[in-house]
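*Asks:* Here it is: the structure, laid out below.
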Amino acid sequence: MPLGPPSSAVHLQNATPGFVSTPGRTPTSVTVHPVALFSILDHYLRRTDAQERVIGTLLGTRSDTGEIDVRSSFAVLHSETAEQVAVDMEYHHTMYELHHKVNPKEVIVGWYSTGSNLNTYSALIQNFYTQETAPHQAIHLAVDTGVVEGEQAGVRAYVSSPVGVSPKPENAVFVPIPCELLFKETERSGLDLLASASSTLSSSHPSTDLDILERALRSVSDMLDRVLTYVRSVLAGEVKGDPAVGRYLMDTLGSSAEDLEKGGFNASLQDTLMVSYLANLVRSQAEISSRLALTSAAAS
Amino acid sequence: MAAAPSMAAAIAATLPAVSTTPAPAAPTYEAIPASMSKAIDIEADIPLTSVQLDGLVVSKIIKHSREAQGGNAHGLLLGLDLDGTLEVSNCFPLPHHFNEEDDKSIKGVAKYQASMLRSLKEVQADDSIVGFYQATTLGSFFSQSLVETQAIHQERLRHGGVVVVHDISQTARGNASFRGFRLTKAFLDAYKRNNFSTESLIDHRLTFSTIVEEIPLRVRTNALMSAFLDTLATSSPSPAGAAPSLASSTTALPPSYSVLNLGGVGVARNLEQIVEAMDAYKTEEGNLGYLQRQIAREKARAEGYVMKRKEENATRVAQGLAPLPEEDVSRLFKIPPEPSRLESMLLLGRIGAYAKSVEETSSAGLVKMYATKAGNGA
């Protein structure tokens, strides 16, 4: 699942797994958790008028293979003028300690900034964060909020390497590396909720299980219609059939449900109904019991 | 604009943790006299009718709940109240404290909370506490600690604060569940008097379903996040030549159909939990019954003693002697106070919630089964 427009990110393969424990090996890919992304967007919204971009610290975990998983982020104060750049290091340390208390597994992996502008100051800040993450390398996440016209929203990840005859902190080459959105399947429904909230423009209520089921069934039915139209048009000779699509359709629709036909449906139905009745019974018992607790003293 | 400093002042005054916050670079406002702050602070008079969760809060709570050990995740909600809507714009997790009694850990949490609020304020984030969130499994969230925390909040915070309950198991099933609650007036009254005897329950008409009242909850994403989510959900332009039906395979957020999974996952676990809760309830009932019998026994003994003394006095009067003084019966016989029924009520609430969750799962299961049958038959 790529984040943002196709880029020229360098896809490095870690060919030598025996080489893994070397600290400071170059990160090969970055995955971003939605929470980190949303925190960055929130920070961007809350910037002051004077701030052109906001920066902050990325927290996450490193794997042995050079993959970095960005799990959360927090905002850091900084100021940029034509002459100098300043990062509130004390604030950064305090916040890191606070986060560390709740989530000891997450360590500093790099920093983020909004906008796609990489300049000398970026190199300086990168230099600071490299000291923070030493002996590992720091990554830089450039989040394009898509607010500036002509720029597409997206996230890019970079690693840096020194450049020049004599290494100076303000000189660095930012090398793009692949960056993806990653979350656990169990967190998926939360994103669906947010997506539905954003598509209706106003706010949305969390819905019941059945509502969501209905929505999923409708969308499946829509997709079946779409497939049907495609197949019909292929059969009619209007469109040239794609063998790959045909193969996928065969795999998907060919799955049999023989078990259902052999009385499995009825057995399962009885089980479900039994559980449902039982649950009803328990609930009414609980209600009655709590009511009885109210009357017992009055009677005595 | 006059309301803004007053709101801060009011909240700072009600929360001791925040009041220590020094504001280094902030412009200094003239202190508002206590008598005036009430007049200026109109928001406090508008009753709370709904809770609005920001998208950031939703994702933060889900992440924290999933990662926390033992499913016991809780944290504080930050935000503002505006025109009867409580807008929750940020939240942060609280460290899991291992020992409730440990004085040091409580102090540590308070310190953590204060410095987190201070830090958030520095980056222009909202820094007023409006409630807390709690992660649960299978729909049951009644527990002593939740009720106690909320009772404290409801006393200290301006609108009494809310508790947002997030159900992990339901979220894993494909429906992110967030519900807002607060304690009812009747329960709070009984709680303040620390009296959960049968009479008090009757007076307040308390059953487990009247402990908390639900506040309607909405989820809102700000424009920037909506735009970003849309970008993630729409497919990036596929390479030329690919079939149109394959184009959507490159989105960062492909559509998900986990709700269509047929397996009745968790039903067995859910039923187990019902049985566990019932066992606990049975034990609690046994304890209550034992205490009741003890009370009855002591009362009978005390009454017997009083009767005996009366008879003795009657005979003494008949014989022309001075009656013995009436002794204080309550001093001689220690009648234990009536036991609190709070725990048993909470347990009943748990059983009810578990049962409801099973019911919902099975009804959704029925729909899915018929859908499968229809799909198979067609």
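*Asks:* Grab the beta carbon distance between B:Ala280 and A:Met223, set R0 = 56 Å, and tell me the FRET efficiency rounded to 0.05.
*Replies:* That pair, B:Ala280 with A:Met223, gives E of 0.75.
*Asks:* Return the average number of partner chain Cβ atoms within 10 angstrom of each residue Cβ along peptide B:357-368.
*Replies:* 6
*Asks:* Given a Förster distance of 30 angstrom, what is the FRET efficiency for B:Ser197 paired with B:Val109, based on the Cβ-Cβ distance and rounded to 0.05?
*Replies:* My answer for the efficiency is 0.35.
*Asks:* When a/c is below 1.5 the answer is rounded, else prolate if a/b is larger than b/c, else oblate, so apply that to the range A:29-181 with a ≥ b ≥ c taken from the square roots of the Cα gyration tensor eigenvalues.
*Replies:* Verdict is rounded for the range A:29-181.
*Asks:* What share of the DSSP beta bridges in the range B:43-225 is antiparallel, in percent to the nearest 5?
*Replies:* Counting only bridges with both partners in the range B:43-225, antiparallel ones make up about 60 percent.
*Asks:* Hey, got the average number of other protein chain Cβ atoms within 10 angstrom for residues in B:166-179?
*Replies:* Shielding by partners across B:166-179 averages 5.
*Asks:* Sort out for me the Cα centre separation of the range A:113-143 from the range B:161-236, rounded to whole Å.
*Replies:* Between the Cα centre of the range A:113-143 and that of the range B:161-236, the gap is 41 Å.
*Asks:* Could you sort B:174-187, B:193-206 so that the peptide with the highest average Cβ count within 10 Å comes first and the rest follow in order?
*Replies:* B:174-187, B:193-206
*Asks:* Take every residue in peptide A:208-216, count the Cβ atoms of other chains within 10 Å of its Cβ, and give the average of those counts.
*Replies:* 6
*Asks:* Now for a separate question. What is the local net charge at A:Arg215, summed over the other residues whose Cβ is closer than 12 Å to its Cβ (Lys, Arg +1; Asp, Glu -1)?
*Replies:* After counting each charged neighbour, the total is -4.
*Asks:* Sticking with this structure for a sec: Can you tell me the alpha carbon radius of gyration of the range B:43-225 divided by the globular rule-of-thumb value 2.2 N^0.38 Å?
*Replies:* Its radius of gyration relative to the 2.2 N^0.38 Å reference: 1.04.
*Asks:* I would also like to ask the following. Mind ranking B:211-222, A:83-94, B:133-144 by how tightly packed they are, going by the mean number of other C-beta atoms within 10 angstrom, highest first?
*Replies:* Highest mean packing first, the order is B:133-144, B:211-222, A:83-94.
*Asks:* Find which of B:Gly84, B:Ile168, B:Leu188 sits farthest along the positive direction of the dipole of the range B:43-225, computed with +1 on the beta-carbon of Lys and Arg, -1 on that of Asp and Glu, about the Cα centre.
*Replies:* Among B:Gly84, B:Ile168, B:Leu188, the one farthest towards the positive end of the dipole of the range B:43-225 is B:Ile168.
Since every read-out is calculated from the coordinates, none of them should be taken as a lab result. Remember, predicted model here, so these are calculated numbers, not experimental data. Glycine gets a Cβ as well: all are built from the backbone with ideal geometry, and neighbour counts include every protein chain shown.
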